[in-house]
Amino acid sequence: MVINSKILILTILSLFVVSSCQEELQKGSELSASELAYIRARAAAKCVAESNTDFSDYEDSSNSVMMNSERGNTWKLEYKKDNTLIDTSYIYVWKVTPSSIYYRIKLTESGVVKNQFLKVDTTTNDEMMRNLQEQDCAKTLDVAVGPSSMTVNVDTGLATEDSSTLVKFERDYRLITSYPAYFGSLNRKITKKSYNNDEELQKTEVFDYVFTNTSDTTLPDTYNDASIVNAEYCVVTYSPAVLPDTLDNYTFPFSLTCSASDTNGPDGNGDTVEDYDPATDLVI
C-alpha cells in the first residue's frame, strides 16, 4: 500500500495540534483553587479599575442631589399590574443635615399604610454603590451602567408554584442619579412567566413600580404626629467590613432593618448599637 506523503504530514500535524490542545486543557484543569481565585481576583480588579469613573460619577451626582434636597420634596411610587394601577405610595424628604438625609416613606400595600423613617448618609450611599460595582465585576450581579442610570437584572430559574405550574421571574431594578441607591430596590419591574409541566408558556404578568417626581408636600411638624400611622425607623441592612476590604457589605436588592421604637432606634449591622436615635434625629 502506498501512503500519500501529504496526507501523512497533515495527519501527523493534526495529531500534534490535538495533543497540544489536550495538554493545555489538562494544565488548566490542574490549576489549584488558590490559583483560580487569583486569576478571578485579577480580572475583578481590572473591571473595578475600568468602571471607577462611571461609579464615581454616579456617586457624586446622587450625593449632590441628596444633600441639595429640601424638606417636603416628594416622589410618587405607583404600583401597577399589567398597566392597571393597584397602589400609590409616596416618599418625602423629612430632614437634611450636612451629611445625612431622612426620608419618610409612606407605603400603601393592599390598602394598608405604613410609614418608614429612613436615614441615609453619603458614606452609606457610596458604599452601596461600590458594593454593586464589586458584585458586578465578580459576576455575581448583572449591572448595566448608563450616563445617569443603572439597571440591575436579577432572574430566577424555573421553580414549582403548584402541582401544575412552573414559574420564573425577571426582575429589573432601576437606579437613577437623582435619588439614593436604596430607592433602586423600590423602583423595579418584575415579569412573572408561568408554564405548565411541559414547560410551555401559559401566562405572562408584569408588576411595575414606577417613580415620578411630584409637587412638594407640606409635612406635619413632628415625626409622631397622629396622622403618621404605623411608624417604623429604618436604616439599610449591612454587615461590617472584613479586612482587607474596607467597605461595609450590602446585599442586593437592598433591604431595611427597622425598629418600631423611637427611643431604641434601628441597628443595621446587628452590633447592638442603634444607627440613629429617632426621638432626637427626627426633630425639625
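The values are calculated or read from the model by the stated rules, or taken from the named source; none is laboratory data. Treat the numbers as computed from the prediction; the structure is a model and nothing was measured. Note that we place each Cβ from the backbone using ideal geometry, even for glycine, and neighbour counts take in every protein chain shown. Heavy atoms of the whole protein, side chains included, go into the accessibility calculation; ligands, DNA and RNA do not. Shrake-Rupley method; radii C 1.70, N 1.55, O 1.52, S 1.80 Å.
Observations
- Restricting the stretch 45-94 to residues that are small (Gly, Ala, Ser) and touching a Leu at 6+ places or on another chain (Cβ under 7 Å), the residue that is surrounded by the most Cβ atoms within 10 Å (Cβ to Cβ): Ser89
- Val235 vs. criteria of a type in the set (A, V, I, L, M, F, W, C), crowded, with 17+ Cβ neighbours inside 10 Å, in contact (Cβ under 8 Å) with a residue 40 or more places away in the chain and within 25 Å of Val154 (Cβ to Cβ): yes
- Among the candidates Ser185, Ser178, Ser194, the residue that is of a type in the set (S, T, N, Q), over 30 Å from Glu70 (Cβ atoms) and surrounded by 11 or more Cβ atoms within 10 Å (Cβ to Cβ) is uniquely Ser194.
- In summary, Asn153 fulfils each of the numbered conditions (1) open to solvent by less than 50 Å² (accessible area, probe 1.4 Å); (2) touching a residue at least 24 places away in the same chain (Cβ under 8 Å) with the single exception of condition (2).
- Scope the stretch 249-267; condition of a type in the set (A, V, I, L, M, F, W, C) and closer than 28 Å to Leu141 by Cα; matching residues: Phe252, Phe254, Leu256, Cys258
- Restricting the stretch 216-232 to residues that are farther than 17 Å from Leu118 by Cβ and touching a Gly at 6+ places or on another chain (Cβ under 9 Å) leaves a set whose member that is most open to solvent (accessible area, probe 1.4 Å) is Thr218.
- On inspection, Ile3 fails the criterion of being in a helix (DSSP H, G or I) and modelled with pLDDT under 90.
- Residue in the stretch 263-277 that is on the phi > 0 side of the Ramachandran plot, within 23 Å of the chain's Cα centre (by Cα) and of a type in the set (Gly, Ala, Ser) present: yes
- Residue list for the stretch 53-73, restricted to those being touching a residue at least 12 places away in the same chain (Cβ under 8 Å) and more than 20 Å from Ser99 (Cα to Cα): Asp54
- Scanning the stretch 101-122 turns up at least one residue that is assigned to a helix (DSSP H, G or I) and within 26 Å of Ser259 (Cβ to Cβ).
- Some residue of the stretch 12-31 being assigned to a loop (DSSP other than H, G, I, E, B) and modelled with pLDDT under 90: yes
- Test: residue in the stretch 71-89 that is farther than 16 Å from Arg188 by Cα and among the basic types (Lys, Arg): yes
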